[in-house]
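See below for the structure under consideration.
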Amino acid sequence: MENFRAPPPPSLPLRAPILPGTTSDRSATPGPAVIRFLRGRYAGRSAEWHRPTMRFRFVHAADLHLDTPFTGIAEVDGPVAEALRDASLRAWSDLVELCVEEGASFLLLAGDTYDGPRRGLRAQMAFLQGLRRLDRAGIAVLAVSGNHDPEGSGWSAISGWPPTTTFFPADGVRSVPVLRDGRALATVYGISYARPDESRNLAALFPRLRGPGPDGVRIGLLHCNVGSDPDHGDYAPCTTADLRAAAVDYWALGHVHRHRLVLAGDPVWAAYPGVLQGRSPAPVEAGPKGALVVDCDTDVPGGLREAPRLVPLDRIRFAAATADVTAAADLAAAAAAVAQTLEDLRADPAHAGRGVVVRVILAGSPEAAWPSELPRLLRSGELLQQVRAAAAHLRPFVWCEGLRPALAPAVAREAVAGRGDFAAALVAATDALASDAGALDALVRTLKGELPRTIRDALADGGDRSAGPGDIPAAPGAPDDRLGLLAAAEQECLRLLADEGEGAP
Ligand SMILES: [Mn+2]
């Protein structure tokens, strides 16, 4: 692997060939204004590189969402707010350095590079700066767009890209060979979105037959939803069968924000790197986020010697943690248990050097009486303030985004269920809702309809009015939160009913 340290600069031909078997057979050669190829820049340098090996490395990233707004995080102030604002741009800058340090031949960006076209001069400048740094290092960048950055939108502040940057157009699948000493290391196929709500199966447009002659490792670059992941918008939907049917060795995918190896090389590989920087405490955005480093060898069937390696690049880590408060005799002890959970997170080497935004789940079955005060303290935010103050000394910061009670029920629902009274009917109703996703969905919709329009709009787009059709559900009402909300609502109702019972003469 030592020969990865100083790879030759990649070179691209003056124009991309259109391969037989692609849907772009009959269309014209891509316009020079859309695809910018490497020109004579490296022509004189290839003599420096006399390596018989055709091993190389590339980096695959997606969903940079540069200058993204963070959703579901309220009341952030000071250094935490500043860190959140800068996180996506710093992660991009770290991605650029990763490519240089790892000796990558090229960088693939699989869509949603920016979050919304109407925002972010800062994001555009930072993006361009990174591309120039990669250009100087001889590292090509090949990019497609997704639902957040469809072709023709955004990048209003930039009139020209470095010669090593290629944006695939949206009018058909195109191919771009990456050459070393005149031989193809790889051929990258890609297609961009023409519109945010792309509903066509774009994977089916990729070539199914290999062209004549060696074309190196064949890579498909695409923003799509494989297998209709319900956590994400169903854009460019396709199946793993579609991926296998194409003459592609490695699918460099984007759109799903959680890292996933979709196909593990038998011989086709397909992977989502996930979002480069998590954006909210929602489960799909939590955990390590980064880019994939992919080692290739043109002599290996499928082109890869081993599975791609995820390198975390997130500057802020979103996490969920559980604080067991079974032993807490009073509220002070419960708050201390939460504070200890935050200290433990700070000490976890997995998060070293990063700010952490954490949602803490209060778990256990305390025998003490304090849980009856919990709903009031959570509503008023008093407990949360206390927890944040106790963690204020931690560096880098650990910010408690919220507390979610999941205590063993203080009001035993099993006991209530057999009583035949109003409370028993309530328990039966929540059971019915919990087992009927459609009914629960309809109820949430109805309740949202009851909300004032201003709040409803904020919920609908995560408070981000300028975003395009989002693929991240806003935290409240997200599918994974609904059962938790239902259980919490039931407990709150049972408590109120019990209190009422006690107060009655
Ligand atoms: Mn997307």
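Taken together, the values in this text are just the output of simple stated rules run on the coordinates, not laboratory data. Please read all numbers here as calculations on a predicted model, not as lab measurements. Note that each Cβ is placed from the backbone with ideal geometry, even for glycine, and that neighbours are counted across all protein chains shown.
At a glance:
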| item | result |
| --- | --- |
| Long-range HN-HN contacts of LEU66 with modeled amide H, under 5 Å | TYR114, ASP115 |
| Point-to-point label distance, ASP421-ASP77, nm (Cα→Cβ direction, 7 Å offset) | 4.5 nm |
| Sorted by Cβ density within 10 Å, fewest first, the residues HIS257, HIS393, HIS232, HIS223 | HIS393, HIS232, HIS257, HIS223 |
| Karplus-derived HN-Hα couplings along segment 382-391 (A = 6.51, B = -1.76, C = 1.60, θ = phi - 60°), whole Hz, x at Gly and Pro | 4, 5, 4, 4, 4, 5, 5, 5, 5, 9 |
| Spacing of the two label points (7 Å from each Cα toward its C-beta) at ARG183 and GLU343, in nm | 5.9 nm |
| For peptides 338-346, 152-160, 57-65, 282-290, sequence by mean Cβ density within 10 Å, most packed first | 57-65, 282-290, 338-346, 152-160 |
| Highest-first arrangement of 300-307, 315-322, 97-104, where packing means the average Cβ count within 10 Å | 315-322, 97-104, 300-307 |
| Long-range HN-HN contacts of ALA247 with modeled amide H, under 5 Å | ARG208, LEU209 |
| In Hz, Karplus ³J(HN,Hα) per residue of segment 310-321 (6.51, -1.76, 1.60; θ = phi - 60°; x = Gly, Pro) | 7, 10, x, 10, 5, 8, 10, 9, 8, 8, 10, 9 |
| Fully extended contour minus Cα-Cα distance, from LEU447 to ALA488, at 0.36 nm per residue | 13.2 nm |
| Normalised contact order of segment 210-307, rounded percent, pairs of Cα under 8 Å and 6 or more residues apart | 23 percent |
| Nearest-0.05 FRET efficiency for ARG210 and ALA392, computed from C-beta distance (R0 51 Å) | 0.30 |
| Simple Cβ-charge dipole of segment 211-257, Lys/Arg +1 and Asp/Glu -1, about Cα centre, in debye nearest 20 | 160 debye |
| Extension gain from ARG136 to SER380, taking 0.36 nm per residue of separation minus the Cα-Cα distance | 82.4 nm |
| From phi via Karplus (6.51, -1.76, 1.60), per-residue ³J(HN,Hα) for segment 246-258 in Hz, x at Gly/Pro | 7, 7, 10, 8, 9, 8, 8, 9, x, 2, 7, 7, 9 |
| Cut-off under 5 Å, modelled amide H: who pairs with ARG317 long-range | GLY355, VAL356, VAL357 |
